1. Could you calculate the FRET efficiency of residue 213 with residue 315 from 1/(1 + (r/R0)^6), where r is the beta carbon distance between them and R0 is 51 Å, rounded to 0.05?
2. Treating cross-link reach as a plain straight distance, find the lysines whose alpha-carbon is under 26 Å from the alpha-carbon of residue 47, omitting any fewer than eight places away in the same chain.
3. Once you have a ≥ b ≥ c as the square roots of the Cα gyration tensor eigenvalues for the stretch 292-357, tell me rounded if a/c is under 1.5, and otherwise prolate or oblate according to whether a/b is larger than b/c.
4. If I model a spin label as a point 7 Å beyond the Cα along the Cα-Cβ vector, how far apart are those points for residue 416 and residue 136 in nm?
5. Estimate the FRET efficiency between residue 401 and residue 193 by the formula 1/(1 + (r/R0)^6), using the beta-carbon distance for r and 41 Å for R0, to the nearest 0.05.
6. Full extension from residue 91 to residue 105: what is 0.36 nm times the residue separation minus their Cα-Cα distance, to one decimal in nm?
7. Sort 360-366, 400-406, 172-178 for me by packing, meaning the mean count of neighbouring Cβ atoms within 10 Å per residue, highest on top.
8. Once R0 is set to 30 Å, what does the formula 1/(1 + (r/R0)^6) return for the Cβ-Cβ distance between residue 434 and residue 388, expressed as a FRET efficiency to the nearest 0.05?
Amino acid sequence: MRRLTRIGLIAGLMAGLLQAVPAAAQPRPLTDAECQNLRARLAEHAKLSDGVRRAVATRAAASPAPPPPSPAVASTSAPVPPAPVANRADEIRARLQKIPVERQQAEDGRLGALGRFDLGRAAQYQGQLTTLDQEKARLEQELAGLPSRPSAPAAPASAPTPAPAPALVGDSDRIRCQDMRAAHDEAVRIRLRELGAKEGQAGVVPLIGSKGQTAEQIARELEAQMPSAAPGSQVGLLDVNGDGRLDGFVDVPVKDVYRVYRQKPDGTLGVDAFVAGGNAAAYGDIARRLEEAGNRQAGRSLADLLAIRAAGPVRVTAETADFAIAHGHWLAGNFAEAARVEGAAARSMEFQNLRGELVRVTEILAPVNGGVALRRLVAQPRPGDQEQWDETTTAVRPTSYSKTDVEIAQAREMRNTAGARVGARSTTTPIRFSLDR
């Protein structure tokens with residue numbers, strides 16, 4: 001009897017403990033701010049993907065319908081036709097009324113171009129803004145110099161101000177907050193599939209457009225989308241036109257530095273850098289221009305570069321004690337300091353790319369006559385139990401404060417899994433160019 005009592009007591013205690021343990025499988029409910037943030041991102045993904053739009057529409061159809069907009073002010077929103085222009089003063093006033101509208105359109109276009117990282121188009125819109133501002137100042141000065149004329153009769157004070165029309169409700173607004181996390185995750189999976197990434201690659205992020213006006217604001221938005229604190233472990237995919245085709249990608253060479261590779265209209269690759277916080281010196285402009293010019297001279301494509309970018313954790317298999325410091329000087333553009341390394345500094349690492357392939361990389365920094373060279377060996381899997389080995393040596397020689405000479409040598413060979421060479425080794429003619437500060 002005593003034994004049965006003990007068993008019953010233990011069973012009761014265990015049942016109480018099990019009831020006290022919260023259900024770990026239940027996700028924490030979203031706050032209102034978190035829900036609206038995910039809703040806004042979902043709407044941006046839908047703008048860029050027909051597949052996401054269909055998925056969102058399906059979920060919206062299963063959600064309760066929102067209240068219809070009030071028709072009370074529908075008839076009051078019609079634009080009032082402009083008054084006829086009688087003289088030069090009226091012409092100027094009519095033009096001054098149009099300039100803010102045109103300026104807002106140009107400003108919206110500039111922000112959209114910045115969000116698409118189309119810096120050339122953003123510069124064109126900035127030129128339009130400058131022209132409009134100059135025209136406004138000139139017209140205001142001319143109007144001030146014209147003789148005054150009797151003012152038009154004032155409008156009746158009893159005329160009511162039309163109320164603003166209610167905002168339209170989109171499909172993403174119809175989805176309940178309790179379903180928002182699942183809807184957003186589904187949108188991300190659809191876009192990753194459309195952009196050619198392997199499902200389940202945690203280090204690949206389909207990016208949405210930026211609304212920032214400055215480089216730091218764009219960097220902060222990229223930081224929110226690519227929150228990993230480990231440089232080099234994530235890659236963001238850019239689809240500028242929403243056609244399911246890759247237009248660029250973003251990686252993080254240094255903490256708080258977001259490097260954007262984008263396809264230019266002439267087919268070459270542009271490289272831009274957006275910095276969050278005060279870490280701008282960690283990735284120098286001369287290093288960015290070296291990357292851009294080297295890719296252009298070597299004819300590299302987005303696909304070539306993406307294939308050797310980490311899409312998840314990076315495992316360092318070997319590293320000398322002085323590599324981090326020397327490589328930091330290289331990225332900062334301090335090539336003279338990088339050349340101070342004794343002998344050579346090296347690092348070997350391996351990671352998976354966005355296709356889930358295992359890539360092995362060895363980097364060696366060593367001084368050369370008048371400068372420093374970075375030798376990079378990349379091994380990528382190929383069919384038939386073979387590997388493609390690409391070797392690139394970039395030698396940088398600062399000849400003066402304002403000029404740096406660059407020489408790039410490239411070679412390729414195939415090896416089997418045992419490391420033995422298969423076929424002949426191919427090399428290219430060294431590429432030489434100069435960079436001016």
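Quick note: the coordinates plus some simple rules give every number you see, no bench work behind them. All figures in this text were calculated on a predicted structure; none of them were measured in a lab. As a convention, Cβ positions derive from the backbone with ideal geometry for all residues, glycine included, and neighbour counts pool all protein chains shown.
1. The value I calculate is 0.85.
2. The qualifying lysines are 198, 211, 264.
3. Oblate, because a/c is 1.5 or more while a/b does not exceed b/c.
4. It works out to 7.3 nm between the two label points.
5. The calculated FRET efficiency here is 0.25.
6. Taking residue 91 through residue 105 to full extension adds about 2.9 nm, to one decimal.
7. Packing order, densest peptide first, comes out as 360-366, 172-178, 400-406.
8. 0.45
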